[in-house]
Every structure is written in C-alpha cells, then in structure tokens.
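Novice: Sending over a structure as structure tokens; questions will come in a sec.
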Amino acid sequence: LAKTTQPISMDSYEGQEVNITCSHNNIATNDYITWYQQFPSQGPRFIIQGYKTKVTNEVASLFIPADRKSSTLSLPRVSLSDTAVYYCLVGAVGYQKVTFGIGTKLQVIP
Amino acid sequence: DAGITQSPRYKITETGRQVTLMCHQTWSHSYMFWYRQDLGHGLRLIYYSAAADITDKGEVPDGYVVSRSKTENFPLTLESATRSQTSVYFCASRTSGSTDTQYFGPGTRLTVL
C-alpha cells in the first residue's frame, strides 16, 4: 500500500488559489489518487479522483505528473468555507484498506 | 432519503460496559466501513464488510466486534469499553463500482469514563 506524505497545515487568504501537494513515491501501477475533504464535526467527503494527467470537476482540479509519484490538489479562489482538512489517498480501485493519514489542515483567512 | 445515518450521535459510557454504535444506509451499497478518528492519527479503519455476512478486520480491530445480517445495517460493538476507545467513530459505505467513492455518516462521539 503506497504511503502518502502531505503538509500538516496550510494558510491561505480568501480569493487565492490553493495547491496542496501529496507525495506517493511507491505508487503502484493500478493505484488511483483520491482526495477527500473533512469539515469540523463531519465525516469526510469525496472531492476528486484521478489516475494520470489532469482531472477537473466543479470543486477542484487534480494534477498528476507523468511519473505519478506526486499529485497536487488545486482549489481555485478559496473562500472561508473551504477551511477543512484535506486527505490524499492512494490505492487500487476496490481496495478496502485505504489509509487516510492525518491530512492537511487548510485555514482560509479573511 | 437520509443516505447514511449513525446513532447515537453522542454517547458517554463507563469502562467495562458494552456499547453498540449503529450505522444504517439507504443506498444498498455493498461495502460498509467503520473508522475511528483521533487527534494525531487521522482516520483508522476498524472493520469493513463487503456484503451481508462478510466482514474483515482493518487496521485497529482489537476490542471491537461487527456484524452485518442485513445489507443496510452495520453495527459496531465495543464488548467491554476502555478509555482508549474514546474517539469519534465514522461509518461509511460505497458501491462496488469503479469510482471507489466512500460516503461517510455524521459520526458518533464516544466518551468512555
């Protein structure tokens, strides 16, 4: 199971773009990269998932370089409501024992 | 359509007592999971279930028992609660499709005195 490393915390001002990078040096060929968001006192919520290159949805973009040893979650023009913990997960689709780690605590400042 | 619910939302119990946390989902998802979340540890998988009557251990199963007689329910029992089991417990479910998205419940905050 690929181990992930991401910053423990980040601060950003409202309106800025935020990029959170996750390292996963031993990612396997059939592993996907998935990001979750967790607000205080709530369960995590799926944000985005990708395998390679770039994936974009209404919430975020996910950039994955060719070697797939890292990935970057990009949140455009953050607002105070984006203050949350963001988790990077790596694992094969269908693999049950995913590891959430401690995530990155993003604080958006007015 | 409530999705995935957990009960109770808050529970205080004493050391040695048996406690059962309930999880119910309305989507008929095949897979269900139990996690605990503690400061400094993130979310850790306790048990999961691939279908009714099929369960398996996760990362931290000791002291916990699960059952799944119906697809929609996945109760977690602490047979003899200990203070180290004070935590926030999250239940999740997902389909067996390709996106592997887990849907989480609101959590149960358990305090063992």
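Novice: Taking B:K11 as the anchor, which lysines have their alpha carbon closer than 26 Å to its alpha carbon, excluding any fewer than eight residues away along the same chain?
Specialist: B:K57, B:K70
Novice: Now for a separate question. May I ask you to derive the relative contact order of the stretch A:9-109, considering only C-alpha pairs under 8 Å and at least 6 residues apart, and to give it as an integer percent?
Specialist: Rounded, it is 37 percent for the stretch A:9-109.
Novice: Mind pulling the per residue volume of the convex hull built on the Cα atoms of the protein assembly as shown? Å³ is fine.
Specialist: Considering the Cα atoms of the protein assembly as shown, their hull volume per residue is 122 Å³.
Novice: If you average the alpha carbon positions of the stretch A:96-110 and of the stretch A:39-69, how far apart do those two centres end up, in angstrom?
Specialist: That distance is 12 Å.
Novice: If you don't mind, another one. I'd like the mean, over residues of A:87-99, of how many other protein chain beta carbons sit within 10 Å of each residue's own Cβ.
Specialist: Counting other chains' Cβ atoms within 10 Å and averaging over A:87-99 gives 4.
Novice: Between rounded, prolate and oblate, where does chain A land on the alpha carbon gyration tensor, with a ≥ b ≥ c its root eigenvalues, rounded for a/c under 1.5, else prolate if a/b exceeds b/c?
Specialist: prolate
Novice: Determine the shape class of the stretch B:4-112: with a ≥ b ≥ c the square roots of the Cα gyration tensor eigenvalues, call it rounded for a/c under 1.5, and otherwise prolate if a/b is greater than b/c, oblate otherwise.
Specialist: Here the stretch B:4-112 falls in the prolate category.
Novice: Evaluate peptide B:43-51: per residue, the Cβ atoms of other protein chains within 10 Å of its Cβ; return the mean as an integer.
Specialist: 3
Novice: Which shape class, rounded, prolate or oblate, goes with the stretch A:3-42 when its Cα gyration tensor gives a ≥ b ≥ c as root eigenvalues, a/c under 1.5 marks rounded, and past that a/b bigger than b/c marks prolate? Please report the intermediate quantities before stating the final value.
Specialist: Values: a/c = 2.39, a/b = 1.76, b/c = 1.36.
Prolate shape, in that a/c is at least 1.5 and a/b is the bigger ratio.
Values quoted throughout were computed directly from the atomic coordinates according to the rules given, and no laboratory measurement underlies them. None of the values given here were measured: they were computed from a predicted structure. Here the Cβ is made from the backbone with ideal geometry for all residues, glycine too, and neighbour counts use every protein chain on show.
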